[in-house]
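One structure below.
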Amino acid sequence: MTTKILAMKNSVFYGLKTLQSIHARNFSIGAQALGPVNLKGRSFLTLKDFSSDEIKHLLWVSSDLKHRIKHEKQYLPLLQGKSIAMIFEKRSTRTRMSTETGFSLLGGHPCFLTSQDIHLGVNESSTDTARVLSGLSDIVLARVNSHTTLEELVKDASIPIINGLSDLYHPIQILADFLTLQEHYGSLSGLTISWIGDGNNVLHSFMMTAAKLGVHLRVATPKGYDPDSSIIQEAQRLSKQHGTQFLLTSDPVEAARGSNVLVTDTWVSMGQEEEKKQRIKDFLGYQITMQTGSVAKPDWTFLHCLPRKQEEVDDQVFYSPRSLVFPEAENRKWTIMGLMVSLLTDYSPQIPMPRF
């Protein structure tokens, strides 16, 4: 692994006012058109199952709802009379708040269920739970330990199932990330994202999505913390199909070089607490700092899905104008709303389609 980090040059720094103006930039509107997209009744377990046009449609609906509800102050009870069962085997601030408040804002009724509230996989099988919830609600969001649980729910449910997080994928997070980058840069195609950290579920979802949006992906993980091999193969296939670049390395500097966006995540996920000491040691040199950004493009920005630990990214980056983490967190709400509306209704966006 390269240990020498290039000296930072003053030219890579944007002034505060310049970056703030970029943050405030509206979507650019283009003349491109999507093919026919109808997601009503679909489940959403992984972005691997969704085409480029379908992902762009979800981002379009999300930006439309954000514009109409947040900025135009419109009331859109698109989900009035509907209910969502929210199964949480793992706790979360952003997933719970975004789903619960978003579904309510659209006129529906959210019902929050923890492992202490229901018997999923313990006193009641996933099969029976899926059938029961299908008769009591219109859609399910499940934040689970094992991706297999989601697959079991989908098999026996007659309503859409949304992956709120599993050990393999975190697709709702990636929708928020790309909406945030769309808003900031004006378009996605041609951007380069550098992931510096663990080969985890969030990275897996980036790998299943980036190429479909014309985004190059550079990944640095420590040896032994690589992404899933089958997902690597699929990411390589997608990159070739869509004409994008896909790099795997163990060198954070190599991954960051020439990038628009630096991304990381927690090094110690829930359930890995006993591995913390070893993981901190193994990830030495992977903290994102201004030095990391010195080899990136002058307009580089930073993403983190939260919660964040300082060993992953220092305060100078995390609280800088380059950091998009708080708009990213807010966009969890607008993208989950866009997803739920798309899976439950025939809604068509009212604003012009953004330039992708």
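The values are calculated or read from the model by the stated rules, or taken from the named source; none is laboratory data. Model, not experiment: these values are computed from the prediction. Virtual Cβ from ideal backbone geometry, glycine too; neighbours counted across all protein chains shown. Side chains are part of the model used for accessible areas, which takes the heavy atoms of the whole protein and leaves out ligands, DNA and RNA. Shrake-Rupley method; radii C 1.70, N 1.55, O 1.52, S 1.80 Å.
Does the range 36-90 hold any residues that are in a loop (DSSP other than H, G, I, E, B) and open to solvent by less than 30 Å² (accessible area, probe 1.4 Å), and which are they?
Residues satisfying the conditions are Leu39, Leu45, Thr46, Phe50, Leu76, Leu79.
Before we move on, is Pro307 open to solvent by 20 Å² or more (accessible area, probe 1.4 Å), part of a helix (DSSP H, G or I) and closer than 21 Å to Ile174 by Cα?
So Pro307 fails the test.
Can you run down the residue pairs with Cβ atoms below 7 Å, 6 or more apart or on separate chains, where the first is in the range 214-233 and touching a residue at least 40 places away in the same chain (Cβ under 8 Å) and within 20 Å of Thr292 (Cα to Cα) and the partner is open to solvent by 10 Å² or more (accessible area, probe 1.4 Å) and in a strand (DSSP E or B)?
Note: pairs meeting the criteria are Arg218/Thr192; Arg218/Leu247; Ala220/Thr249.
Could you list, in sequence order, the residues of the range 244-288 that are open to solvent by less than 60 Å² (accessible area, probe 1.4 Å), small (Gly, Ala, Ser) and over 19 Å from the mean Cα position of the chain (by Cα)?
Across the range 244-288, the qualifying residues are Ser250, Ala255, Ala256, Gly258, Gly285.
I need every pair where a residue in the range 70-84 that is more than 11 Å from Gly107 (Cα to Cα) has its Cβ under 7 Å from the Cβ of a residue that is hydrophobic (A, V, I, L, M, F, W, C) and part of a loop (DSSP other than H, G, I, E, B), sequence separation at least 6 or different chains.
Hits for this filter: zero, empty list.
Sort through Ser269, Ser348, Ser320 and tell me the only one that's at pLDDT 95 or above, part of a loop (DSSP other than H, G, I, E, B), out of contact with any helix residue (DSSP H, G or I) (no Cβ under 7 Å at 6 or more places or on another chain) and under 25 Å from Pro171 (Cβ atoms).
Criteria check complete, one pass: Ser348.
Can you find even one residue in the range 177-197 that is surrounded by 24 or more Cβ atoms within 10 Å (Cβ to Cβ), touching a Cys at 6+ places or on another chain (Cβ under 8 Å) and at pLDDT 95 or above?
Yes; the residues of the range 177-197 include at least one that is surrounded by 24 or more Cβ atoms within 10 Å (Cβ to Cβ), touching a Cys at 6+ places or on another chain (Cβ under 8 Å) and at pLDDT 95 or above.
Going residue by residue through the range 122-145, is there one that turns out to be among the polar types (S, T, N, Q), without any contact (Cβ under 8 Å) to a residue 40 or more places away in the chain, open to solvent by 60 Å² or more (accessible area, probe 1.4 Å) and under 26 Å from Ile174 (Cβ atoms)?
The answer is no, given that none of the residues of the range 122-145 is among the polar types (S, T, N, Q), without any contact (Cβ under 8 Å) to a residue 40 or more places away in the chain, open to solvent by 60 Å² or more (accessible area, probe 1.4 Å) and under 26 Å from Ile174 (Cβ atoms).
Does at least one position in the range 275-292 carry a residue that is in a helix (DSSP H, G or I), closer than 23 Å to Phe178 by Cα and either touching a helix residue (DSSP H, G or I) at 6+ places or on another chain (Cβ under 8 Å) or at pLDDT 95 or above (or both)?
yes
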